[in-house]
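This report refers to the structure that appears directly beneath it.
The values are calculated or read from the model by the stated rules, or taken from the named source; none is laboratory data. Everything quoted here is computed from the prediction, not taken from an experiment. Don't worry about glycine lacking a Cβ; one is built from the backbone with ideal geometry, like all the others, and counts go over all protein chains shown. We work out accessible area using only protein heavy atoms, side chains counted, and drop any ligands, DNA or RNA first. Shrake-Rupley method; radii C 1.70, N 1.55, O 1.52, S 1.80 Å.
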Amino acid sequence: MTESFDADWLELREPHDARARSIALALALSEALPARPRLLDLGAGTGSLFRWLAPILNRPQAWTLVDADVTLIEFAFDTIADRAVSVGFEVSAPNKRTLLVHTPSGAWRVDGLVRDLADAPDGLPLERADAVVCTALCDLVSRSWVTRMAEELQLPFYSALNVVGDARFLPPHPADGLVGRAFRRDQGRDKGFGGRALGPDAVGAMAAAFREKEYAVTTAPSPWRIGPAETRMLMELAGGHAAAALEHLPRGRAAVQVWSAARRAQARRGGLRAVLGHADLLALPRIR
């Protein structure tokens, strides 16, 4: 079973994701799509990519949100509906698995599909899609997963917010290197996608795999920049880094705990910042 994330964490990170993603790559994807695009969103979680990208596409469109966790898809539908209504859009639900958001630029259709993505693209309705998109997914998958995707797709592939391995907490702390190395080791453990997770190697692996299939590949930086006023996010990041590091440093427990306590104290008093590197990737089939 592939790894899943809880809705609270996905909600917390959504505004940071929205600020970080590359607008230029999103516009390039939009230009490559037909007038009424159909998008297959892998590992869609609470639907944050839809909420960010649909207004950029700004035309009639259909999305299929794919996730292994049915509760996240249900949460996504509720959140999409609530936010649409809050900005004055009408929402209708012709059935339990479909949501229609009626906007000035046309109807945005949202369907849900519960599917474990370990064997993707097997089992996905690619024949009903004009692009495959995802966010914060491909650093979790294996090299064989990416190779399979590149070999079997004949569609645009957009992957946002892939970690690149340069997380920094500021100001510096003597244990930063120790915690950082252990955290990167944790990023590489098997996340349920058929082998070692790509972690910071994700963008390079995707670029190579899709270029091998003659796709035009473009990448862009999309770092998180977390300021000192964002206490809850900083506390979660410090706690997450420490917990992951402890899994790989049984003899370094005391040092990690000191680091974690110091970072959390800095966050509480407004003295901590963080920069976490990510990159977005867009792979477009070449026109023949």
- Message: Every residue in the range 98-131 that is farther than 14 Å from residue 47 by Cβ and among the charged types (D, E, K, R), please.
- Response: 115, 116, 119, 122, 127, 128, 130
- Note on the structure: Note on the range 235-288: residues out of contact with any strand residue (DSSP E or B) (no Cβ under 7 Å at 6 or more places or on another chain), among the basic types (Lys, Arg) and part of a helix (DSSP H, G or I) are 251, 253, 264, 268
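Checking the condition within 18 Å of residue 278 (Cβ to Cβ), acidic (Asp, Glu) and open to solvent by less than 60 Å² (accessible area, probe 1.4 Å), which residue from 41, 69 passes?
Values: 69 fails: within 18 Å of residue 278 (Cβ to Cβ).
Checking each option against the conditions leaves just 41.
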- Item | Subset of the range 256-267 [surrounded by 16 or more Cβ atoms within 10 Å (Cβ to Cβ) and hydrophobic (A, V, I, L, M, F, W, C)] | 256, 259, 262, 267
- Message: Please count how many residues of the range 1-35 are touching a Gly at 6+ places or on another chain (Cβ under 8 Å) and open to solvent by 60 Å² or more (accessible area, probe 1.4 Å).
- Response: 3
- Reported set for the range 84-139 where residues are surrounded by fewer than 21 Cβ atoms within 10 Å (Cβ to Cβ), within 23 Å of the chain's Cα centre (by Cα) and charged (D, E, K, R) is 97, 109, 111, 115, 116, 119, 122, 128, 130
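Yes/no per residue for (1) basic (Lys, Arg); (2) touching a residue at least 40 places away in the same chain (Cβ under 8 Å); (3) under 30 Å from residue 187 (Cβ atoms):
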residue	(1), (2), (3)
95	no, no, no
99	no, no, no
102	no, no, no
105	no, yes, no
117	no, yes, yes
127	no, no, no
133	no, yes, yes
143	yes, yes, yes
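Those residues that are closer than 17 Å to residue 172 by Cβ and surrounded by fewer than 19 Cβ atoms within 10 Å (Cβ to Cβ), I need them from the range 230-255; list them, please. Break it down stepwise before answering.
Taking the range 230-255 as the starting set, the residues that turn out to be closer than 17 Å to residue 172 by Cβ are 234, 237-238, 241-242, 245, 255.
The answer is 255, and nothing else.
Only one of 185, 211, 189, 148 is open to solvent by 40 Å² or more (accessible area, probe 1.4 Å), assigned to a helix (DSSP H, G or I) and at pLDDT below 95. Can you tell me which?
Details: 211 fails: at pLDDT below 95; 189 fails: assigned to a helix (DSSP H, G or I); 148 fails: at pLDDT below 95.
It is 185.
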- Task: Looking at (1) touching a helix residue (DSSP H, G or I) at 6+ places or on another chain (Cβ under 9 Å); (2) buried (at least 17 other Cβ atoms within 10 Å of the Cβ); (3) under 30 Å from residue 68 (Cβ atoms), find the lone condition where residue 203 falls short.
- Result: (1)
- Task: Go through the residues of the range 216-229 one by one and say whether even a single one is surrounded by fewer than 18 Cβ atoms within 10 Å (Cβ to Cβ), in a helix (DSSP H, G or I) and not hydrophobic (A, V, I, L, M, F, W, C).
- Result: no
